[in-house]
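To start, the structure itself, in structure tokens.
The values are calculated or read from the model by the stated rules, or taken from the named source; none is laboratory data. Model, not experiment: these values are computed from the prediction. Cβ: placed from backbone, ideal geometry, glycine included. Neighbour counts: every protein chain shown.
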Ligand code: AMP
């Protein structure tokens, strides 16, 4: 198989325990790579590849469901032991969450091994794993056209050196506002973004949950809102769905220009909005391309102001 515009996603595949205001849910199949791949697969048919590890307790039907959506899971290793588990509890307004438990299990010894035919993938999304592993993955690949990475406070605090090296090697960093502030030590997001971009990535996306997301690149700052929903059930995986949607769109267009990035931000936000509408990845699993087209059309109406915004005389 050629690697024409394929998207390689590396990251966690998990069982999540979710304590939500609407109720508690146990053993929900999730993980950053799962959410990203499902989101990307709506835009990039049969060209999404996922690399991760599961234990022998992980149900084969879940991997089959990914495959049914055209996601190549041949790079998912099945190790003996238990699958990675994460337990999160959300506040009643869903605005914040606490991690109650993380069990690395088979993830502890995970050394991603990229299948030979996937090493030429031109689009790569490095999910939130140890930055040394993210670097190791990059080392296995031919220089991709667009290398994007996510990270989190845990690695910012504990692995600053590996993270600095990673920043030098990627084109795009996708993080949330808290992480951008922590990584730069600067509260103002515009200044924080300038600082982070100086350290390597040409582009930075700062996700702000229900307050949308900001892109910083050579064409200046760009903003996309979060789609306003009547009911949000579970924010788990929204950031990963955003990143997967973004990369899926760019890979499908085969374009990484500032104009394509700006359009991709809407698809990213649309997929993030699907994700939060149900518990776990259920809504992403139920979504199809016409649902996505409808949400994109609503998005266009959301920001269409019908004016050239000239000052009135
Ligand atoms: P998000 O809500 O976008 O931050 O992503 C949530 C997903 O990330 C869940 O499905 C978890 O299984 C996964 N996750 C949580 N903590 C970690 C971690 N330390 N490393 C990798 N994945 C994680």
Q: May I ask you to list the residues in region 29-72 that are surrounded by fewer than 21 Cβ atoms within 10 Å (Cβ to Cβ) and within 29 Å of residue 293 (Cβ to Cβ)?
A: 45, 46, 61, 62, 63, 64, 65, 67, 68, 69, 70
Q) For region 80-91, which residues satisfy the criterion of being under 19 Å from residue 16 (Cβ atoms) and either more than 21 Å from the chain's Cα centre (by Cα) or more than 14 Å from the ligand (Cβ to nearest atom) (or both)? A) 81, 82, 91
Q) Within region 69-82, how many residues turn out to be part of a loop (DSSP other than H, G, I, E, B), touching a helix residue (DSSP H, G or I) at 6+ places or on another chain (Cβ under 6 Å) and closer than 12 Å to residue 53 by Cα? A) 3
Q) Got at least one residue in region 244-256 being without any contact (Cβ under 8 Å) to a residue 24 or more places away in the chain and either surrounded by 20 or more Cβ atoms within 10 Å (Cβ to Cβ) or more than 16 Å from the ligand (Cβ to nearest atom) (or both)? A) yes
Q: Could you list, in sequence order, all residues of region 111-127 that are touching a strand residue (DSSP E or B) at 6+ places or on another chain (Cβ under 8 Å) and either within 16 Å of the ligand (Cβ to nearest atom) or farther than 24 Å from residue 85 by Cα (or both)?
A: 112, 115, 118, 121, 122, 123, 124, 125, 126, 127
Q: Exactly one condition in (1) touching a residue at least 12 places away in the same chain (Cβ under 8 Å); (2) more than 15 Å from the ligand (Cβ to nearest atom) is not met by residue 206; state its number.
A: (2)
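From the list 149, 108, which residue is surrounded by 15 or more Cβ atoms within 10 Å (Cβ to Cβ) and either under 17 Å from residue 48 (Cα atoms) or within 13 Å of the ligand (Cβ to nearest atom) (or both)?
One residue alone meets the criteria, 149.
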**Q.** Unique residue being touching a strand residue (DSSP E or B) at 6+ places or on another chain (Cβ under 8 Å) and either more than 21 Å from residue 11 (Cβ to Cβ) or not in a loop (DSSP other than H, G, I, E, B) (or both) when the list is 268, 259
**A.** 268
Q. Of the conditions (1) within 12 Å of the ligand (Cβ to nearest atom); (2) over 13 Å from residue 12 (Cα atoms); (3) under 19 Å from the mean Cα position of the chain (by Cα), residue 70 fails just one. Which one is it?
A. (1)
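In this structure, is residue 228 surrounded by fewer than 24 Cβ atoms within 10 Å (Cβ to Cβ), within 16 Å of the ligand (Cβ to nearest atom) and either outside any helix (DSSP H, G or I) or touching a residue at least 40 places away in the same chain (Cβ under 8 Å) (or both)?
When the stated conditions are applied, residue 228 does not pass them.
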Q | Among the candidates 14, 40, 32, 95, residue that is at pLDDT below 95, within 15 Å of the ligand (Cβ to nearest atom) and closer than 20 Å to residue 277 by Cα | A | 95
(Q) more than 18 Å from the chain's Cα centre (by Cα), under 30 Å from residue 24 (Cα atoms) and assigned to a helix (DSSP H, G or I): is that true of residue 283 in this structure? (A) no
(Q) Being surrounded by 18 or more Cβ atoms within 10 Å (Cβ to Cβ) and either under 18 Å from residue 282 (Cβ atoms) or in contact with a strand residue (DSSP E or B) (Cβ under 9 Å, 6 or more places away or on another chain) (or both) is the requirement here; does residue 25 meet it? (A) no
Q. Residue 173: within 16 Å of the ligand (Cβ to nearest atom), more than 16 Å from the chain's Cα centre (by Cα) and surrounded by 19 or more Cβ atoms within 10 Å (Cβ to Cβ), yes or no?
A. no
